[in-house]
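Below: one structure, written as structure tokens.
The values are calculated or read from the model by the stated rules, or taken from the named source; none is laboratory data. Just so we're clear, the structure is a prediction, and the values are computed from it rather than from any experiment. Cβ: placed from backbone, ideal geometry, glycine included. Neighbour counts: every protein chain shown.
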């Protein structure tokens, strides 16, 4: 079964790496995909996010890295032969945000979404927090 792990990955965090590693154990193939929204400006350019995501996937032999900059996630899934979407969730707020998208994706194409709960030791880490701390030169994002 082929799974898609989509995200902005702006930047890649230890939590992203954990979800990616665990998804790689569950599925035959995982595509980690930087989903770039052309109407939003990310902190890091897509090329740099891809580089960091490839570094986070080092040693995960069934993981490939890609990007998608236009169209819907379900369009990418249809074109790439994706069977399931992976989403990492840290808490109930993440789940409240993710479930409506999962339901809409299912309604549009029948694709299922699998939620992977964050490692409790990393559940407090978000890209927003990593970026805020990184701006102060205190840490470097994973990858």
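Within the range 18-37, the set of residues being in contact (Cβ under 8 Å) with a residue 60 or more places away in the chain and surrounded by 22 or more Cβ atoms within 10 Å (Cβ to Cβ) comprises 19, 23. Among the criteria (1) surrounded by 14 or more Cβ atoms within 10 Å (Cβ to Cβ); (2) at pLDDT 90 or above; (3) within 22 Å of residue 46 (Cα to Cα), the one residue 141 does not fulfil is (2). When you look at residue 57, is it surrounded by 13 or more Cβ atoms within 10 Å (Cβ to Cβ), closer than 23 Å to residue 119 by Cβ and without any contact (Cβ under 8 Å) to a residue 40 or more places away in the chain, yes or no? So residue 57 passes the test. Only a single criterion out of (1) over 12 Å from the mean Cα position of the chain (by Cα); (2) within 21 Å of residue 105 (Cα to Cα); (3) at pLDDT 95 or above is not satisfied by residue 37, namely (3).
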